[in-house]
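> One structure follows; several queries about it will come next.
Every number here is computed from the coordinates shown, using simple stated rules; none is lab data. Worth saying up front: this structure is predicted, and the values here are computed from it rather than measured. Every residue, glycine among them, receives a Cβ derived from its backbone with ideal geometry; neighbour counts consider all protein chains shown.
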Amino acid sequence: MTYVSFPTNKALDFVAIGRLCIDLNANEIHRPMEETMTFTKYVGGSPANITIGMSRLGLRSAFIGKVANDQMGRFITDYLQRNKIETTGVVTDTTGAVTGLAFTEIKSPTDCSILMYRDNAADLKLTPNEVQEELIAQAKVLLISGTALAKSPSREAVFQALNYAKKHGAVIVFDLDYRPYTWTSPEETAVYYNLAAEKCDIILGTREEFDMMECFENNESSNDKVTASKWFNHSAKIVIIKHGKEGSIAYTQDDEGHRAKSFPAKVVKTFGAGDSYAAGFLYGVMQGWTLEKSMEFGSAAACIVISSHSCSDAMPTVNQVEDYIERCNRNEITAS
Ligand SMILES: Nc1ncnc2c1ncn2[C@@H]1O[C@H](COP(=O)(O)OP(=O)(O)O)[C@@H](O)[C@H]1O
Ligand SMILES: O=C(O)C[C@@H](O)[C@H](O)C(=O)COP(=O)(O)O
């Protein structure tokens, strides 16, 4: 059963808009940030990680965003190019804005947190007129990510990208990617998230992210099926609700819930799971696979990334994901 039809005859498979940042991941793991002395630098930012994931899986990918006019900005653009990602949509800030930094704290495989430095971040300065219509016109899929809605002008740039995607028939994917510290209040966040989600074909988020979007509804308890069904009155064809280690469920317009098979992992850190899951899942549906197979592929990609030190750099190839699934089926991998 096909739930989403992707346009054909496009030069690009995938374009994402939003945050290009730096992850500084603690080298001394299993200790708090106060005691962490050294970090390894990687390209980061959830939509950047997903795009790197798509490119590693062999899809023709591009990015639309803004980087600082400094060494960090050049590091990011260069990394994208080395990963075969089209960067004509990545513009350089001219106002002295800086690159957002995410310092990661890895206290244990289950207790991880992120300390973000995002004052005057370049990615939030992207303006609507800097969004290249041509790039979106050429793409089968546009992915938007919630954090880019946090401030103007990046907020309007995302809505402009949504307009172009609608005009040119791209499938629109929304990764909710809710980072509370970028926002003033859950209510402010919910207003913009709901406006954007109405326009999207595939919505991916954790239970907590959907709860934030429902903050005006005074629900006594959250219910995945009820949450998902609301979006089918708008543009959505697939709504995925993620539950960390417990796996994920995809809902479709026929009200069916499709549960993902999950795999064991020797977890180093928890972050990066959602980004690699998104890349693996989207790769699968773009190949015309069933939802179950696509979700299984996403789950295995997530296991590879959470078993590694980085997010972006650890994004797997198709062979690596297939190999992981085979090793799990042979019981060669056990949970940490
Ligand atoms: N500890 C874990 N072990 C195995 N798989 C995991 C684990 N944590 C996450 N995953 C996989 O990654 C997917 C996305 O993870 P989740 O934590 O829900 O997203 P996010 O990183 O966006 O919060 C899950 O649905 C699951 O398949
Ligand atoms: O998104 C960021 O700015 C930080 C990411 O690069 C980071 O590594 C991360 O948090 C990944 O997010 P997740 O996949 O939702 O866990």
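> Would you calculate a helix-derived [θ] at 222 nm for the chain, using -39,500 (n - 2.57) for each DSSP H run of n ≥ 4 and dividing by the full residue count, to the nearest 500?
Mean residue ellipticity at 222 nm (helix-derived): -10000 deg cm²/dmol.
> Listing TYR164, TYR251, TYR79 from the residue with the fewest other Cβ atoms within 10 Å to the one with the most, what is the order?
Least crowded to most crowded, the residues run TYR79, TYR164, TYR251.
> Determine, for LYS107, LYS167, the number of other Cβ atoms within 10 Å of each Cβ, and report the residues in order from fewest to most.
Ordered by Cβ neighbours within 10 Å, fewest first: LYS167, LYS107.
> Take LYS230 and PHE75, extend 7 Å from each Cα along the Cα→Cβ direction, and tell me the distance between the two endpoints in nm.
It is 4.0 nm.
> Turning to a different aspect of this structure: Apply the Karplus curve 6.51 cos²θ - 1.76 cosθ + 1.60, θ = phi - 60°, to the phi angles in region 277-292 and return the couplings in whole Hz, x for Gly and Pro.
Here the 3J(HN,Hα) series is 4, 4, 4, x, 5, 5, 4, x, 5, 6, 7, x, 6, 5, 4, 4 Hz.
> Taking Cα pairs under 8 Å and at least six residues apart, what relative contact order does the chain come out at, in percent?
17
> Hey, another quick one. Using Cβ contacts closer than 10 Å as the measure, can you line up GLU326, GLU220 from fewest to most?
GLU220, GLU326
> Take the alpha-carbon centre of region 24-93, take the same for region 138-202, and report the distance between them in whole Å.
20
> Could you tell me what percent of the DSSP beta bridges with both partners in the chain are antiparallel, to the nearest 5?
Taking every DSSP beta bridge with both residues in the chain, the antiparallel ones total about 40 percent.
> What is the gain in length, in nm to one decimal, between SER152 and SER221 on full extension, counting 0.36 nm per residue of separation less the C-alpha to C-alpha distance?
In short, 21.6 nm is gained.
> For the pair LYS266 and LYS167, what calculated FRET efficiency results from E = 1/(1 + (r/R0)^6), where r is the Cβ-Cβ distance and R0 = 45 Å, to the nearest 0.05?
Approximately 0.50, to the nearest 0.05.
> Now for a separate question. Label region 180-227 by shape, choosing from rounded, prolate and oblate, from the square roots a ≥ b ≥ c of the eigenvalues of the Cα gyration tensor; if a/c is under 1.5 it is rounded, and otherwise prolate applies when a/b is larger than b/c, oblate when it is not.
oblate
> Note down the relative contact order for region 48-193 as a percent, whole number, built from C-alpha pairs under 8 angstrom at least six residues apart.
Rounded, it is 18 percent for region 48-193.
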